[in-house]
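The values are calculated or read from the model by the stated rules, or taken from the named source; none is laboratory data. Fair warning: this is a prediction, and the values are worked out from it, not measured in the lab. Ideal geometry is used to build each Cβ from the backbone, glycine not excepted, and the neighbour counts take in all protein chains shown. Side chains are part of the model used for accessible areas, which takes the heavy atoms of the whole protein and leaves out ligands, DNA and RNA. Shrake-Rupley method; radii C 1.70, N 1.55, O 1.52, S 1.80 Å.
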Amino acid sequence: MKSSIPSAPPSMSTSADASAAPPGATRDGTRAAQARVWDIPVRVFHWLLVALFAVSWYTGKNGGVDEMTWHMWSGSALLALVVFRVVWGVVGSTSARFSHFLYGPKAAAEYANGLLRRRPPHYLGHTPLGGWMVVVMLASLLLQCATGLFANDDIITEGPFFAWVSKETSDWLTTIHKWNFDVLLILGGVHTAAVLYYLIVLRENLALSMFTGRKPLPAGAPDPQYRFVGAGIALVAGALIAGAVYALVW
């Protein structure tokens, strides 16, 4: 990660005026130019995270021997996935790197003010608020996975590292595991609300871009030509991380 946090993005446009066309179209109704923004690893990470979180939620709430076995497997997969995203945030494609989307307080405040006025400055990658949401969510997910390794349910299920700590410590970590899950639900709700706000109010389909990897360019804006790291490198990195987590946990 770069030593300094950028205060403004290299490909940001100024706030659009009230009569501007929605992203994806020009004022005459033609389709706007599209820029490649999200690489395959980031998109796969996003949707795998959604799926694994749903599995962990369902199995954790329903309990049962079989459900908790799946819960532990999904938690291990989540741990590998989050560790991969942290690594990819350092060595991955331009738009995936923390150094690209972590902005200072001034940029975040200006963006928040623009959102309230429904005229935020345009960012092709993560916005200043969105970038910090990514960091908070990754940190919360890491905490969830870490505490789950030591947790117990006082019946038959114990995390793989349960024996490494006292029962009192395990109970304390189990409490954090339960509370932090509520934090993750809140973060997920905020994220979903933001996606809907962009879609309904700002008329920008963020979810679609996580499928296609492309986002519309503002009128007259040049394609930033981000540097993309090959998916093969991500596959090797992911396999190594998954193998390390498996060896450590199972």
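With n ≥ 4 as the cut-off for DSSP H runs, can you work out [θ] at 222 nm for the chain, using -39500 (n - 2.57) per run divided by the number of residues, rounded to the nearest 500?
Result for the chain, helices only: -20000 deg cm²/dmol.
Restricting to lysine pairs 8 or more places apart or on different chains, what number in the chain have Cα atoms under 24 Å apart?
4
So if we plug the beta-carbon distance of Ala109 and Phe211 into 1/(1 + (r/R0)^6) with R0 = 51 Å, what FRET efficiency do we get, rounded to 0.05?
0.95
Report the Stokes-Einstein translational diffusion coefficient (µm² s⁻¹, integer) for the chain, Rh taken as the Kirkwood radius over Cα pairs, at 20 °C with viscosity 1.002 mPa s.
108
Could you tell me what percent of the accessible area of region 135-219 is made up of carbon and sulfur, with a 1.4 Å probe and every protein chain present?
Of all accessible area on region 135-219, carbon and sulfur atoms account for 71 percent.
Which ³J(HN,Hα) values in Hz, rounded to whole numbers, follow from the phi angles of region 206-215 under the Karplus curve 6.51 cos²θ - 1.76 cosθ + 1.60, where θ = phi - 60° and Gly and Pro get x?
5, 5, 4, 5, 7, 9, 8, x, 10, 9
Could you provide, to the nearest whole Å², the per residue accessible area of the chain with probe 1.4 Å?
The answer is 55 Å² per residue.
Could you state the number of Å between the C-alpha centres of region 66-114 and region 173-250?
6
HN-Hα J couplings of region 40-51 from phi, Karplus 6.51/-1.76/1.60, θ = phi - 60°, integer Hz, Gly and Pro as x?
In residue order, the calculated couplings are 4, x, 5, 5, 5, 4, 4, 7, 5, 4, 4, 5 Hz.
Apply the Kirkwood formula to region 172-219: the hydrodynamic radius equals the inverse of the mean of 1/r over all pairs of different alpha-carbon atoms; give it in Å with one decimal.
Evaluated over region 172-219, this radius sits at 12.8 Å.
As I understand it, the value is the acute angle between the Cα axis of helix 167-200 and the longest principal axis of the Cα atoms of the chain; what does it come to in degrees, rounded to 10?
Approximately 20 degrees, to the nearest ten.
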